[in-house]
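Visitor: Sharing a structure, written as structure tokens. Questions coming.
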Amino acid sequence: MDQWNRRGNFGSSVGGDVNPDLRAERRTASFNVEKLTAILDGGADNTSTRRTVEAVIRGDPVFSRENQYFQSQNERYEAAVRKAVHLKEKMNQMGWTENGPEHQYCYRALAGDIAFNVHRVFKSSILALGTDEQITEWIPLADKHYIIGTYAQTELGHGTFLRGLETTATFDISTQEFILNTPKISAMKWWPGDLGRSATHAVVFAQLYIKGKCYGLHPFILQIRSLRDHSPAPGVTVGDIGPKMNFEHIDNGYLMLQNVTVPRENMLSRFSQVLPDGTYMKQGSDKINYLTMIMSRVGMLSSEVIPILLQACTIAIRYSVVRRQSKLNPRDPEAKILDYQTQQQKLLPLLATAYALHFMVAYMNKFYNKGYTEIKQGNFDSLPELHALTSGQKAFATDCCTAGVEVCLRACGGHGYSALSALPFLYTKVMASCIYEGENTVLFLQTARLLRNAAAKLQALVQSGTAEYEAWNKCTVQLLQAAKAHSHYIVVKNFIETVEELRNEAEIQKIVKHLCDLYALHGIFSNMGDFLHDGYTSGDQMDMVTASYLDLLAVIRNDAVPLVDAFDFSDESLNSALGSYDGHVYQRLYKWAQKFPANQQVSQAYENYLKPLFQSALSKL
Amino acid sequence: MNRDLRKERDSASFSPELLTHVLDGGAERTRRRREIEALALNDPDLQHEDLNFLSRSQRYETAIRKSAMMVMKLREYGIADPDEIYWFKSSVHRGRPEPLDLHLGMFLPTLLTQATLEQQNRFFMPAWNLEIIGTYAQTEMGHGTHLRGLETTATYDPATQEFILNSPTVTSTKWWPGGLGKTSNHAIVLAQLYTQGQCKGLHAFIVPIRQLGTHEPLPGITVGDIGPKFGYDEMDNGFLKMDNFRIPRENMLMKYAQVEPDGTYVKPLSDKLTYGTMVFIRSFIVGDSARSLCKACTIAIRYSSVRHQSELKPGEPEPQILDYQTQQYKLFPLLATAYAFHFVGAYMKKTYHRITGDINQGDLSELPELHALSAGLKAFTTWTANAGIEECRMACGGHGYSCCSGLPDIYVTFTPSCTYEGENTVMMLQTARFLVKSYTQVNSGQLVSGMVSYLNDLSRQHIQPQQVAARHTAMLISDPASLVEVYKLRASRLVEAAAKNFQAELNHRKSQEDAWNRTSVDLVRASEAHCHYVVVKLFTAQLSEISDAAVNAVVSNLCLLYALYGISKHAGDFLQAGILTDTQVTQVYQRVKELLVAIRPNAVALVDAFDFHDNHLGSVLGRYDGNIYENMFEWAKKSPLNKTEVHESFHKHLKPMQAKL
């Protein structure tokens, strides 16, 4: 075993000692990896800030993810709380602000493995929906973490369809209070993060009732736990919703309210207000609400979803040049599995997708920032397009990333199923993104609503006398396909434009153009029926597409490792025995497995269960 | 019972009980299955806490406790028929893996098939009585499906008449075998045999690894658990490293190949015989694809009829989500697929038993085709079912992501089957090898038989390559038999294209292997098309076996949906090869949507017919009575994080932070 250990420090990122197969891949790169990294980061300055942050995080043992795969739900939760508290101190110490670039890089370095992420949503909802007085009252408390907030919208019985939510807030003129209730079991708040064990306050969405009339959904600030001893407030039943596929570190919770009262001032009242006499008043445009939703979708894509695909590609591609299996030529040693065409077909289109989506989200950020400035100035013109774009892209990108990460997992053979590969963790994490912030099918249909040309058939049906709602449901499968195709088109278009912008970097432009071509051709190859069906493409053209597509695989193969190196994920953020920079896959798997607690202590299972039971079995046989 | 579910059940057009009999293979078998399941499900010795709330170590302990109990009870009840053992076992373990799987499923059978009589005398009874618990250690860290690459060595030493076992490299460490980590005290180890200075290839050896009595690893043995995985929490998949570990000569399994005391190697007579076991396991996996997908469909479809959301018509109550076309389009093709795979699994099992009879009489002629078919169908059905389970989970929205839905568990338990017992891409390429070989035979004038006999027609089609129009009109959109023909054409075209591309590459390049690799994407496509054809064909053939008219009608609709949905998803293949016209493809799209409407009223009854007990499903969302919301709440209250009202991390981390700020 000693000869395996001499490579020493398994935790370090860039050691001089790299697996020779990986080293060979890097030596033949056709472009400068560092330059591409800077382009992906949006400038060399950003790269340098990011690396500084990563170094600080790496240097602090509290942030270590070393034992993450061996921890129970309770331990994961506790570690996440500890890290969140520690990060706050660290940021103070370093002079990093919550809205500065460093915070986002901290998140990346920690792979999101910290508590209180919903606390930010709590704050931004007060900032967006609260009056100036409410903002002055609550935000300083939240900033200082005197209170910890959550955002309680989703219920057991209703998710994306907001109008169906059943929690009620009834205004009592005599006491000037709202009385909040969970009238039935399906109305229980269910899923909000940080709610189960941590939060002291919540922004709760409820149907507002005044004098027996319902005014629809409104937000209320509610204290749910004592600030002194953390026990639930009177009338509040709160707890954790139990184990999920991932996010063990987050205490997603339930919340049941029985005649919980809050003062009139606790309704967030920027857009609508209840006067002391019970008069209901609307004010201003709440279109700005859409902006919050758009912002959180852009945010989740750039910080949660797309990086996961990039990480999965990094792991699977590095592993595929270290893993050798079977022979391509009887006289040669076993071949790297990335040299098999079938392996290339699995991974390289995903690598192209990773680049395509990365550039897409960069474009969305730009578009969003421009729109944000306009909207703040009262110009709402860009809002519908921004909304359609983000809905469609959220659904499209999360679908692609979820499917893609699973392909990466399975492309690593048996070892992909080991938790130590990190791929099960990445997959179960990214798959949740298809649901939260809007269920994908529903979002695609929102995009479709804005695609007039796709609805030709709908129009025909409506004209033939079918009621519109029925016609809509009859066409939803088709509309869904139209919306997907539209989103796909936008990604391809943006990729092509990005390639054009790289004209000053000839080498990089060349390889990125190959990726772009591969992305486009793979899209045609995998949706052949769509292209042939409308006669856009002939059978002969399709043969050409297939041939060029397969040729491109071989070309991109040569730069596959440098292309994932350019993503520049630290070993700590990957936390994968298969995907580390130095490629010592097998040594790490063995090392890490030894750390598994069951291997470090004498197992009681044999003494307690196996031995006595088998003996009693023996006596009966 | 939930009102919506009752309404769904009342309005079914057929008797689910009759369909259950069809699926089980007769009313008597249904009765017997339920009887055996009840034995396990009602046994107080086999009850335990919800596994979702237990740690991995606790899950392992629970499983091992039940496994030991199960072995005892099987003998007590005298259950010995393989199907009946399976029913009992899956009721004890609710479809999850267990630490004795490899002992019962590989160690004992391998002793029976590959050990000499003397070896059976020595090992079988102790193993049967669980004094010896064994596993099957084949896969290594560095090698899986490519067996020839395994690196563990067994070197014969004639001086002591022993084999010396070694793990010469880190990659040669045995890695993954189930039951190896903590449970077993013996292993059948696959190693490269060296004798008289020569390597004789892979052979099997019985290796003691832990001390009987103390269960401590023997000197020279390093053994342990490989750590957490994606699921399989109950299973102690392990690693094993051997350092000059000696075993007597008599511990090599020598029914076929032998090493004599002086080191002389005696070759086995035929190497095809091992095909039999592989075919059996792969056929079993096809059935497992069906079962897992049936479970997932049951949960998603029941939940979709209980869940109400949004509005279809303004002013009306929220509809069941199963009334949305997009939801039907997600779930009904999967339901049809679940039925299709069930029938394919049953066919494979039957064929295996039939051919086993032939093999025992020395007739190996059908084995190569069945071997190729089982490889392809294993890959085809596991890929499809794997994606289908995920689709079901996502069709349940956020709640599908909670462990209470049962879907995460079904998924993680099933998904490794894409990799184990032969990695799927490699399996598809094995099938392709057989297809290309058959194509070459046809081209050289020989006829081929069995499932590939459609290749015999290829030469005839070539006489009039342009006159495809005649075939278009031949497709009857509501006739499964006609759709089988359409799939057959697609398969033959794609096999031909792949074979020709392979030939072209061969003409340009140096080696067979290189040409094969440059064609492998085409080859996998051809295999998939072949398997798809086989599934449509077998599903269609099943229809004539169903005598009850009402059941037949509803299963026929599923069969049509399966075939037409497949065409719509692979329209490119049919259009490009000129098998179908644009207009026909448009008709297919339309007909798929009509079938969704036709199947909708029977959807719940169709999953009820799978007849899963709630304990088998392990799902709050999929409960037979449909009372989901109250039971989700009851379930959540048991979460480990809820053990105390205030979590300890409040005192440890939150409070100190608030004090500091």
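Just so you know, all these numbers are worked out from the coordinates, no wet-lab data involved. On a predicted model such as this, the values are computed, not experimentally measured, just so you know. Neighbour counts are summed over all protein chains in view; Cβ atoms, including those assigned to glycine, are modelled from backbone coordinates with ideal geometry.
Visitor: Debye sum, Cα scatterers, chain B, no solvent: what log₁₀ I/I(0) at q = 0.05, 0.06, 0.08 1/Å?
Guide: Debye output, listed in q order: -0.27, -0.39, -0.70.
Visitor: Same structure, new question: Can you pull the Rg over Rh of region A:50-123, Cα-only, Kirkwood?
Guide: Expressed as Rg/Rh, it is 0.95.
Visitor: Would you mind checking which residues have amide H under 5 Å from A:Val260's amide H? H placed 1.01 Å from N; only 5 or more apart, or other chain.
Guide: Here the answer is A:Leu180, since their amide H atoms fall under 5 Å of that of A:Val260.
Visitor: I would also like to ask the following. Suppose R0 equals 35 Å. What FRET efficiency, 1/(1 + (r/R0)^6) with r the Cβ-Cβ distance, do A:Tyr489 and A:Arg163 give to the nearest 0.05?
Guide: Efficiency at R0 = 35 Å is approximately 0.65.
Visitor: So in the protein assembly as shown, what percent of DSSP beta bridges are antiparallel if you round to the nearest 5?
Guide: Expressed as a percentage, antiparallel bridges in the protein assembly as shown total about 80.
Visitor: With only alpha-carbon pairs counted, each pair once and no self-pairs, how large is the Kirkwood hydrodynamic radius of region B:1-115 in angstroms?
Guide: Hydrodynamic radius (Kirkwood, Cα pairs) of region B:1-115 is 16.6 Å.
Visitor: On the principal axes of its Cα set, how long, how wide and how thick is region B:530-584? Give whole Å, largest value first.
Guide: Principal-axis extents of region B:530-584 (Cα, largest first): 40, 23, 14 Å.
Visitor: Could you work out the percent of alpha carbon pairs in region A:141-190 separated by over 14 Å, rounded to a whole number?
Guide: 62 percent
Visitor: A further question follows. Bin by bin, in steps of 10 Å, what percent of the Cα pairs in region B:497-642 do you find, going until the bin that has the longest distance?
Guide: 9, 22, 23, 19, 16, 8, 2
Visitor: Follow-up. Normalised radius of gyration for region B:245-347, please: alpha carbon Rg relative to 2.2 N^0.38 Å, two decimal places.
Guide: 2.09
Visitor: Please report the equivalent ellipsoid semi-axes of region A:514-590, computed as sqrt(5 x eigenvalue) of the Cα gyration tensor, largest first, in whole Å.
Guide: Semi-axes (√(5λ), whole Å): 37, 12, 11.
Visitor: In cubic angstrom, how much convex hull volume per residue do the alpha carbon atoms of region A:19-67 span?
Guide: Spread over its residues, the Cα hull of region A:19-67 gives 112 Å³ apiece.
Visitor: In addition: Where does the charge balance sit around A:Thr428 when Lys and Arg score +1, Asp and Glu -1, over other residues with C-beta under 15 Å from its C-beta?
Guide: In short, -1.
Visitor: What three numbers, in Å, describe the spread of the alpha carbons of region A:341-412 along their principal axes, ordered from the longest?
Guide: That gives 53, 16, 14 Å along the principal axes, largest extent first.
Visitor: Quick one: what are the phi-derived ³J(HN,Hα) couplings along region B:53-63, Karplus 6.51/-1.76/1.60 with θ = phi - 60°, whole Hz, x for glycine and proline?
Guide: In residue order, the calculated couplings are 9, 9, 6, 4, 5, 5, 5, 4, 5, 4, 5 Hz.
Visitor: What is the P(r) of region A:93-213, as percent of Cα-Cα pairs per 10 Å bin from 0?
Guide: 12, 33, 36, 13, 5, 0
Visitor: Counting only C-alpha contacts under 8 Å and six or more residues apart, can you give the relative contact order of chain A as a whole percent?
Guide: Dividing the mean separation by the residue count of chain A yields 17 percent.
Visitor: Another question, if that's okay. Against the empirical 2.2 N^0.38 Å scaling, what ratio does the C-alpha Rg of chain A come to?
Guide: 1.07
Visitor: For region B:292-395, compute the orientation-averaged projected area of the C-alpha convex hull (one quarter of its surface), in nm².
Guide: Projected area, direction-averaged: 7.2 nm².
Visitor: So what are the ³J(HN,Hα) numbers for region B:11-23, from phi and the Karplus equation (6.51, -1.76, 1.60; θ = phi - 60°), rounded to whole Hz, Gly and Pro as x?
Guide: 3J(HN,Hα) across region B:11-23, in whole Hz: 9, 5, 8, 9, 8, x, 4, 5, 5, 4, 4, 4, 5.
Visitor: Given 10 Å bins starting at zero, what is the percent of C-alpha pairs of region B:576-634 in each, up to the one with the largest pair distance?
Guide: Whole-percent P(r) values from 0 Å outward: 18, 28, 22, 17, 13, 2.
Visitor: Something else about it: When the dipole is taken about the Cα centre of the protein assembly as shown, and only Lys, Arg (+1) and Asp, Glu (-1) are charged at their Cβ, what size is it in debye, to the nearest 20?
Guide: Computed about the Cα centre, the dipole is about 320 debye.
Visitor: I need the Kirkwood Rh of region B:600-661: take the reciprocal of the average 1/r across all distinct C-alpha pairs and report it in angstrom.
Guide: Kirkwood hydrodynamic radius for region B:600-661: 15.3 Å.
Visitor: At a temperature of 37 °C and a viscosity of 0.692 mPa s, determine how fast region A:477-568 diffuses translationally according to Stokes-Einstein, using the Kirkwood radius over alpha-carbon pairs as Rh; express D in µm²/s, rounded to the nearest whole number.
Guide: 224 µm²/s
Visitor: So, one more: Count the net charge of all other residues whose Cβ sits under 11 Å from the Cβ of B:Asn501, scoring Lys and Arg as +1 and Asp and Glu as -1.
Guide: Every neighbour counted, the sum reads -1.
Visitor: Counting only other residues whose beta carbon sits under 12 Å from that of A:Leu357, what net charge do I get with K and R as +1, D and E as -1?
Guide: 0
Visitor: Also: Calculate the tail of P(r) for region B:121-249: the fraction of all Cα-Cα distances greater than 24 Å, expressed in %.
Guide: Value for region B:121-249 (Cα pairs over 24 Å): 26 percent.
Visitor: Tell me, what HN-Hα J-couplings in whole Hz come from the Karplus equation 6.51 cos²θ - 1.76 cosθ + 1.60 at θ = phi - 60° for each residue of region B:415-424, using x for Gly and Pro?
Guide: Result, ordered by residue: 4, x, 5, 5, 10, 6, 6, x, 4, 4 Hz.
Visitor: Can I ask one more? Relative contact order for region A:193-266: what is it in percent, counting Cα pairs under 8 Å that are at least 6 residues apart?
Guide: Answer for region A:193-266 is 35 percent.
Visitor: Report the rotationally averaged projected area of the protein assembly as shown based on its alpha-carbon convex hull, in square nanometres.
Guide: 49.4 nm²
Visitor: Largest first and in whole Å, give the semi-axes of region A:223-300's equivalent ellipsoid, each being the square root of 5 times a Cα gyration tensor eigenvalue.
Guide: 29, 24, 10
Visitor: Working from the alpha-carbon coordinates of region B:90-193, get Rg over Rh, Rh being the Kirkwood radius.
Guide: Rg/Rh: 1.00.
Visitor: Follow-up question, since we're still on this one. Cross-link partners among aspartates and glutamates for B:Lys537, C-alpha distance below 15 Å, same-chain residues fewer than 8 apart left out?
Guide: B:Asp479, B:Glu485, B:Glu528, B:Glu545
Visitor: Continuing with the same structure: For region A:132-287, what is the Kirkwood estimate of the hydrodynamic radius, computed as the reciprocal of the mean inverse distance between distinct Cα atoms, to one decimal in Å?
Guide: It is 16.0 Å.
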